[in-house]
Amino acid sequence: MGFAVTVLIPRAAVLLSGGLDSVLCLHMCVEKHGALDVLAVSVDYEQPHVAELEHAKRWAKKLGVSHRIITVRGAYTESSSGLFRGDVDNAADTVVPCRNMLLLALAGASGAGHLVLGCNLDDWHDYVDCRPHVLKLSERLMDARVSLPLAGMTKAQVVDRARGYGIPIEETLSCYRGTNCGVCAACVLRNASQ
């Protein structure tokens with residue numbers, strides 16, 4: 001006699017770094033679908049700012065959503081990205097090739113029919129894989145809808161929307177050094193937008 005195993009597939013999987021953009025997306029998704037139908041997916045890809053994962057854990061717990069941390073080793077061992085060398089004062093230096101495509105593929109493995117990524121308008125210039133037309137290509141590959149709810153917003157508009165949700169900006173981590181240093185490209189953009 002066998003036992004039936006029920007696999008719960010989330011309605012939506014939100015890529016959650018613990019940064020402002022992804023935390024706002026998580027709030028928006030929980031509001032739309034309810035906490036039980038949302039999965040937060042974080043990825044440890046040996047990023048120097050791995051402290052963001054602790055922020056992601058706290059936000060997932062705070063909003064009552066299931067949280068999965070996926071570990072990827074060696075994908076960027078030979079990366080020329082400044083992110084891995086500590087060159088983080090200029091956004092163009094922090095580009096990690098195909099990072100968002102990798103993150104979406106890992107979130108897609110959850111089986112969710114809706115994948116949510118927090119790319120905003122200010123990301124488009126330096127990060128090709130933050131542009132909607134690029135990310136939408138992955139929909140066919142993963143048989144899932146890719147949503148970019150912040151795609152038409154500047155970082156200043158993201159900050160305003162986050163405040164509307166009551167998100168304490170200082171409790172998110174959008175720093176390339178993982179410390180809210182105030183001087184890396186991510187911190188400078190966020191601070192200038194407040």
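The values are calculated or read from the model by the stated rules, or taken from the named source; none is laboratory data. Worth saying up front: this structure is predicted, and the values here are computed from it rather than measured. Heads up, the Cβs are rebuilt from the backbone with ideal geometry, glycines too, and the neighbour counts pull from every protein chain shown.
Overview of results
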{"quantity": "Members of region 10-20 found to be touching a strand residue (DSSP E or B) at 6+ places or on another chain (Cβ under 8 Å) and either within 21 Å of K155 (Cα to Cα) or crowded, with 24+ Cβ neighbours inside 10 Å (or both), listed by number", "calculated": "A12, A13, V14, L15, L16, S17, G18"}
{"quantity": "Evaluation of V23 against (1) touching a strand residue (DSSP E or B) at 6+ places or on another chain (Cβ under 6 Å); (2) touching a residue at least 60 places away in the same chain (Cβ under 8 Å); (3) among the hydrophobic types (A, V, I, L, M, F, W, C); (4) closer than 21 Å to V158 by Cα (one fails), failing number", "calculated": "(1)"}
{"quantity": "Search result, residues across region 22-43 that are in a helix (DSSP H, G or I), more than 9 Å from the chain's Cα centre (by Cα) and not hydrophobic (A, V, I, L, M, F, W, C)", "calculated": "H27, E31, K32, H33, D37"}
{"quantity": "Candidate set from region 110-148 (those that are touching a Pro at 6+ places or on another chain (Cβ under 8 Å) and farther than 20 Å from V158 by Cα); member that is surrounded by the most Cβ atoms within 10 Å (Cβ to Cβ)", "calculated": "A112"}
{"quantity": "Single match in G166, G152 (criterion: surrounded by fewer than 17 Cβ atoms within 10 Å (Cβ to Cβ) and on the phi > 0 side of the Ramachandran plot)", "calculated": "G166"}
{"quantity": "Enumerated helices (runs of 4 or more DSSP H) restricted to region 61-143, each holding at least 2 residues that are within 17 Å of G19 (Cα to Cα) and touching a residue at least 12 places away in the same chain (Cβ under 8 Å)", "calculated": "99-108"}
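Table: residues versus (1) small (G, A, S); (2) touching a Ser or Thr at 6+ places or on another chain (Cβ under 9 Å); (3) farther than 21 Å from C187 by Cα; (4) at pLDDT 95 or above.
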residue: I9; (1), (2), (3), (4): no, yes, yes, no
residue: L15; (1), (2), (3), (4): no, yes, no, yes
residue: V41; (1), (2), (3), (4): no, yes, yes, yes
residue: H49; (1), (2), (3), (4): no, yes, no, no
residue: I70; (1), (2), (3), (4): no, yes, yes, yes
residue: N90; (1), (2), (3), (4): no, no, no, no
